[in-house]
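Shown next, in structure tokens, is the structure this report addresses.
The values are calculated or read from the model by the stated rules, or taken from the named source; none is laboratory data. Owing to the predicted nature of the structure, the values given are computational and were not obtained by experimental measurement. With ideal geometry, Cβ positions are generated from the backbone for all residues, glycine too; neighbour counts draw on all protein chains shown. To get the accessible areas, we keep the full protein, side chains included, count just its heavy atoms, and leave off ligands, DNA and RNA. Shrake-Rupley method; radii C 1.70, N 1.55, O 1.52, S 1.80 Å.
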Amino acid sequence: MITALAVAELKLLLRNRTAAVLAVLMPLAAGLYFPLSTDGEHGGWAAVVTLQLLFSFGFTVYVTVTTALTARRQDLYLKRLRTGAASDVVVLTGILLPVVLLGLAQAFLLLGVSLAAGAPLPARPELLAVAVVGGVVLACAAGVGTSGVTGTAELAQITTAPFFFALIVGGLLGANGAVDLPVFLVPGTGLGALVGAAWGGPTEQVGPAALSVLVWAAAGVGAAVRFFRWDPRG
């Protein structure tokens, strides 16, 4: 049942040109530009990979999850699914699964582009894995939560903007080296710091970086539980 729901959601996503551009073309275009525009310095690759991950998770996962759930809720699609045989968990999993898989596929594809463009292999691949898993959980949960405060699918571009840009700014701050501990309160900073450490950057802040990703992922889950709505907003 999850597979059937996921396939149906993927078809709906690709049928919507605006959603398809935001979910597929925009992250790929940006992700291809970053490695081709870098000067090839070793330290610069951490920022490149961080931006690739954040654009994949920000556009493909966060914005798309917010837009998709809002649209499905407003046209009563979620309500109809909920009255069927599928449980709430199955319904949400089926809708979120193709978006999450698409985001992960793009992230790994763009990482391969960076390696082909001259980026060295990460010295600490386990830190990159933590950044990827934490980033996709954070983005997905935040998207579910943001959908609850988004009135229409068209408004998703506005309601997602603050958190999306905070992710990008935080990621760049974290990827550029050691930062003050309060900066880890900005979402994305922990992910950037983990990527930087994975590519040979300073490792003394790996603990705070991992904690930042964990806390923001937990906050996203909390927001999803608190704000997600099955019924249309009035």
- For the chain, the accessible surface attributable to carbon and sulfur atoms (probe 1.4 angstrom, ligands and nucleic acids excluded) amounts in percent to 70
- Distance between Cα centroids, segment 192-234 to segment 21-77: provide it in whole Å. 16
- Ranked packing of 105-116, 53-64, 209-220, 135-146, most packed first, by mean Cβ within 10 Å: 53-64, 135-146, 209-220, 105-116
- Do you know the relative contact order of segment 13-80, to the nearest whole percent, from alpha carbon pairs under 8 angstrom that are 6+ apart? 38
- Message: Could you tell me the center-to-center distance, by alpha carbons, between segment 161-177 and segment 115-150 in angstrom?
- Response: 12
- For segment 6-142, calculate the relative contact order in percent as a whole number, restricting contacts to Cα pairs under 8 Å that are 6 or more residues apart. 37
- In a solvent-free Debye calculation with one equal scatterer on each Cα, what is log10 I(q)/I(0) for segment 177-223 at q = 0.16, 0.21, 0.25, 0.32 Å⁻¹, listed in the order of the q values? -0.37, -0.61, -0.81, -1.17
- Calculate, for the chain, the solvent-accessible area per residue in square angstrom, rolling a 1.4 angstrom probe over the heavy atoms of the protein chains. 45
- Message: Please compute the contact order of the chain in relative form: average sequence separation of alpha-carbon pairs under 8 Å and at least six residues apart, divided by the residue count, as a percent.
- Response: 27
- Which whole-number value in Å³ per residue fits the convex hull of the alpha carbons of the chain? 112
- Message: Suppose each label sits 7 Å from its Cα in the direction of the beta carbon; what would the V215-L181 distance come out to in nanometres?
- Response: 1.0
